[in-house]
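Chemist: Have a look at this one.
The values are calculated or read from the model by the stated rules, or taken from the named source; none is laboratory data. Since this is a predicted model, take the numbers as computed values, not measurements. No Cβ is skipped: glycine too gets one built from the backbone with ideal geometry, and neighbour counts run over all protein chains shown.
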Amino acid sequence: MREFLDIALSFPPIVFTFGLIVVVLYWLTVIIGALDVDIVDFGTDGNAEVEAGGGFWSAFGFGAVPFTVVLSLWITLGWIVTVLGTTWVRSADGVFIPAAASGIATLVAGIGVGMLGAKLLSRPLSRIFADAPATAHADLIGKVCLVRSGTVTTGQGQAELVEEDGTVHIINVRRSVHEPDGIDDELFDRHSKLVIFDYDESARTFLVVPVALPGDIAIPES
């Protein structure tokens, strides 16, 4: 274990090690629902669009796969390549390889193989995202969703919406800043049911209220 840590924290694996830690923490945060993730990003044209990572990523063939997925694959594969490469260099008997040269070569291999591997693994994923049915955000207004994050506020929140055909949407939701007084904060906690009543074009988020509102409280205007 000590030898493994020594390799993981040496150059060049350390370049990817800290990135891998961030990736693991990021996905753990996503799993527990404490972080918004635009896996499905509802664009301003009203159609559901898969988040592409921009023109730079599209140039490498990653346009149909979320940026976070591509980056996670790249870092993970790069880390594996550099750890294995460093292990091989250290265990090579009778072969003298300058540390600087071997380190740079292993780093380049990690970056290159990581990118290639991420691209190859992204191909089947891109078909999955490409085959996802397009949904206008207006079609989701009036539907019930389930809170996935710890809570929903005017600044953060995430919910899951399952349609009749089984299609699952992970959407970013917010409480309205015009929400009237008297609505209990506990009604926005994890696993609570909310109703989508509007879509905020500028923030690209859905506005929600609890399914059950007190009789004297009306749905706020957006």
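Chemist: State all residues of the range 160-178 that are polar (S, T, N, Q) and in a loop (DSSP other than H, G, I, E, B); if no residue qualifies, say none.
Modeler: 167, 176
Chemist: Do any residues in the range 4-29 that are in the same structural domain as residue 79 (by TED's automatic domain parsing) and closer than 26 Å to residue 102 by Cα have Cβ atoms under 9 Å from those of residues that are of a type outside the set (Phe, Trp, Tyr) and assigned to a loop (DSSP other than H, G, I, E, B), where the two are at least six apart or on different chains, and which pairs are they?
Modeler: Every condition considered, the pairs that remain are 17/9.
Chemist: Another question, if that's okay. So for the range 94-105 (the condition being over 13 Å from residue 17 (Cβ atoms), out of contact with any Ser or Thr (no Cβ under 9 Å at 6 or more places or on another chain), surrounded by fewer than 20 Cβ atoms within 10 Å (Cβ to Cβ) and at pLDDT 90 or above), does at least one residue qualify?
Modeler: First, pick out the residues of the range 94-105 that are over 13 Å from residue 17 (Cβ atoms): 94-105.
Remaining after also requiring out of contact with any Ser or Thr (no Cβ under 9 Å at 6 or more places or on another chain): 94-101, 104-105.
Still in the running and surrounded by fewer than 20 Cβ atoms within 10 Å (Cβ to Cβ): 94-101, 104-105.
Filter again for at pLDDT 90 or above, leaving 104-105.
Yes, because at least one residue in the range 94-105 is over 13 Å from residue 17 (Cβ atoms), out of contact with any Ser or Thr (no Cβ under 9 Å at 6 or more places or on another chain), surrounded by fewer than 20 Cβ atoms within 10 Å (Cβ to Cβ) and at pLDDT 90 or above.
Chemist: Identify the residue in the range 159-190 that is under 17 Å from residue 212 (Cα atoms) and modelled with pLDDT under 90 and, among all such residues, is surrounded by the fewest Cβ atoms within 10 Å (Cβ to Cβ).
Modeler: 181
Chemist: Residues of the range 96-116 being among the aliphatic types (A, V, I, L, M) and under 15 Å from residue 74 (Cα atoms), which ones? If you could, list the steps in order and put the result at the bottom.
Modeler: Applying the first criterion (among the aliphatic types (A, V, I, L, M)) to the range 96-116 yields 97, 99-101, 104-105, 107-109, 111, 113, 115-116.
Answer for the range 96-116, where residues must be among the aliphatic types (A, V, I, L, M) and under 15 Å from residue 74 (Cα atoms): 107, 108, 109, 111, 113, 115, 116.
Chemist: Just checking, does the range 34-49 include any residue being outside the structural domain of residue 153 (by TED's automatic domain parsing) and modelled with pLDDT of 90 or more?
Modeler: no
Chemist: Now for a different question. Do we have any residue at all in the range 139-158 that's modelled with pLDDT of 85 or more, touching a helix residue (DSSP H, G or I) at 6+ places or on another chain (Cβ under 6 Å) and part of a strand (DSSP E or B)?
Modeler: No: the range 139-158 contains no residue that is modelled with pLDDT of 85 or more, touching a helix residue (DSSP H, G or I) at 6+ places or on another chain (Cβ under 6 Å) and part of a strand (DSSP E or B).
Chemist: Say we look at the range 58-93 and pick out the residues that are among the polar types (S, T, N, Q) and modelled with pLDDT of 75 or more; which of these is surrounded by the most Cβ atoms within 10 Å (Cβ to Cβ)?
Modeler: Going through the range 58-93, the residues among the polar types (S, T, N, Q) turn out to be 58, 68, 72, 76, 82, 86-87, 91.
Next, only the ones that are modelled with pLDDT of 75 or more stay: 68, 72, 76, 82, 86-87, 91.
Numbers: 68: 17, 72: 19, 76: 19, 82: 29, 86: 23, 87: 15, 91: 7.
Only one residue tops the list, namely 82.
Chemist: Which of the numbered conditions does residue 119 fail, given that it passes all the others? Conditions: (1) of a type in the set (Lys, Arg); (2) closer than 21 Å to residue 19 by Cβ; (3) at pLDDT 85 or above.
Modeler: Of the numbered conditions (1) of a type in the set (Lys, Arg); (2) closer than 21 Å to residue 19 by Cβ; (3) at pLDDT 85 or above, the odd one out for residue 119 is (3).
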